[in-house]
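Below is one structure; the comments refer to it alone.
The values are calculated or read from the model by the stated rules, or taken from the named source; none is laboratory data. Remember, it's a predicted structure, so these values are computed and weren't measured experimentally. Here the Cβ positions follow ideal geometry from the backbone for every residue, glycine too, while neighbour counts run over all protein chains shown.
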Amino acid sequence: MKSAVFYGKHDLRVEEQPMPEVGPKDVLIQVKACGVCGTDVHIYEGDKGAAEVTPPTILGHEFAGVITRVGSEVVQFQPGDRVCIDPNCYCGACEPCRNGVVHFCEHMIGYGTTVNGGFAQYCAVHERQVYRLGERTSFEQGAMTEPVACCLHGIDLCNIRPGHQVAVIGGGMIGLLMVQLARLAGAAKVALLEPVESKREVGRKLGADVCIDPLKEDVKARLREAGLTWINTVIECAGRPSTMEQAIDIAGNKAVVMMFGLTKPDETIAVKPFQIFQKELELKASYINPCTQKRALDLIDSGRLDVSSMVCEVCGLDQLEDILSSPARRAMGKYIISPER
């Protein structure tokens with residue numbers, strides 16, 4: 001089968017690989033759509049993502065497709081089912097799992113990170129990680145379920161209440177999802193800080209009350225003009241030290257600052273403890289997607305969450321390395337890989 005295999009930093013090869021073996025509790029999925037994630041970029045650049053990757057590995061953890069074969073002990077699914085997956089498989093027996101924080105599992109299996117994933121024509125997945133797509137959900141939308149699930153965990157930690165003011169930094173796919181989720185959580189006003197005009201325009205369409213170019217405008221003045229005088233939550237989605245520092249700076253008193261964007265492992269930020277003390281801020285982060293996959297699926301299928309406007313192109317596997325290596329190309333929006341192309 002045609003696959004994109006990661007061999008090390010800046011070494012991704014599209015090549016033929018054997019068909020996956022299907023265990024008794026596995027299903028074989030013909031991959032129809034697999035999203036390109038920031039984690040994939042970090043891995044391609046030789047950095048650690050959410051999990052360690054040992055080459056050679058087929059990357060891709062945001063995927064949906066059709067079941068073509070089921071293991072001898074599978075009872076919940078059958079060939080022909082349209083599905084997506086939660087890529088993070090927990091052991092259920094280690095101390096974190098037994099204490100209700102499964103996403104810190106000490107023996108986690110990650111499809112597309114610790115084991116082969118969805119940048120291939122087929123992938124074998126344990127049935128407990130598989131979810132049926134809703135009738136109104138396309139494969140491309142289904143591939144977005146995992147990032148939505150991650151965003152839901154982050155939004156849950158933000159404790160947004162009806163009437164709150166929220167600022168989102170970064171208008172990529174994650175930031176645009178966060179704008180919508182903040183609205184659904186009850187935010188009265190939502191600001192989006194994003195330097196790319198096309199992304200600001202999408203942000204306006206998806207519910208941002210004010211969209212600010214942080215490179216050319218006075219951010220604090222624009223926020224005040226738009227009525228965001230006490231920002232209760234700042235969600236940083238760019239994954240840069242400078243924007244994390246900015247998030248702390250623009251947060252209001254008693255605000256939650258959610259550092260959602262993923263930085264390189266060794267990057268640091270300058271924090272003024274007195275500023276944290278004076279405003280009584282809560283600095284938070286969000287790690288993967290514990291038990292939020294079904295909620296994400298239901299939101300997408302309901303039509304209340306737009307996961308399509310930020311997708312700029314569906315490409316074949318032969319374009320994956322160029323996407324991973326090109327910041328300018330990724331700045332255009334979200335890419336979906338269709339291994340059949």
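Quick notes on this structure:
- Which numbered condition Leu28 fails, given (1) crowded, with 20+ Cβ neighbours inside 10 Å; (2) in contact with a Lys or Arg (Cβ under 6 Å, 6 or more places away or on another chain); (3) over 30 Å from Glu135 (Cα atoms): (3)
- Check on Glu245, acidic (Asp, Glu) and either touching a residue at least 40 places away in the same chain (Cβ under 8 Å) or outside any loop (DSSP other than H, G, I, E, B) (or both): yes
- Condition met for Ile155 (surrounded by 22 or more Cβ atoms within 10 Å (Cβ to Cβ), under 14 Å from Val311 (Cβ atoms) and not small (Gly, Ala, Ser)): no
- Residue check, Pro18 within 29 Å of Val314 (Cβ to Cβ) and surrounded by fewer than 17 Cβ atoms within 10 Å (Cβ to Cβ): yes
- Cβ-Cβ contacts under 7 Å between residues 6 or more apart (or on different chains), taken from a first residue in region 325-340 that is at positive phi to a second residue that is surrounded by 15 or more Cβ atoms within 10 Å (Cβ to Cβ) and not in a loop (DSSP other than H, G, I, E, B), are listed as Gly333/Val311; Gly333/Cys312.
- Answer from Cys91, Cys105 - the residue that is surrounded by fewer than 19 Cβ atoms within 10 Å (Cβ to Cβ) and assigned by TED's automatic domain parsing to the domain that holds Cys315: Cys91
- Residue in region 139-148 that is within 18 Å of the chain's Cα centre (by Cα) and among the aromatic types (Phe, Trp, Tyr) present: yes
- Region 253-267, residues that are within 13 Å of Ile160 (Cβ to Cβ), not in a loop (DSSP other than H, G, I, E, B) and not β-branched (Val, Ile, Thr): Met258
Yes or no, residue by residue, for (1) assigned by TED's automatic domain parsing to the domain that holds His61; (2) more than 21 Å from Arg183 (Cβ to Cβ):
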position: Glu280; (1), (2): no, yes
position: Leu297; (1), (2): no, no
position: Ile300; (1), (2): no, no
position: Val314; (1), (2): yes, yes
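- Taken over region 156-183, the residue count meeting the criterion of being touching a residue at least 40 places away in the same chain (Cβ under 8 Å) and either under 18 Å from the mean Cα position of the chain (by Cα) or not assigned by TED's automatic domain parsing to the domain that holds Gly203 (or both) is 17.
- Some residue of region 85-97 being touching a Leu at 6+ places or on another chain (Cβ under 6 Å) and either under 30 Å from Gly333 (Cβ atoms) or in contact (Cβ under 8 Å) with a residue 24 or more places away in the chain (or both): no
- With respect to the conditions (1) in contact with a Lys or Arg (Cβ under 9 Å, 6 or more places away or on another chain); (2) buried (at least 18 other Cβ atoms within 10 Å of the Cβ); (3) at pLDDT 95 or above, Ile85 falls short on a single one, namely (1).
- First in region 113-126 and farther than 25 Å from Gly46 by Cα, second anywhere and of a type in the set (D, E, K, R), Cβ under 7 Å, 6 or more apart: Ala124/Glu21; Ala124/Asp26; Val125/Asp26; His126/Lys25; His126/Asp26
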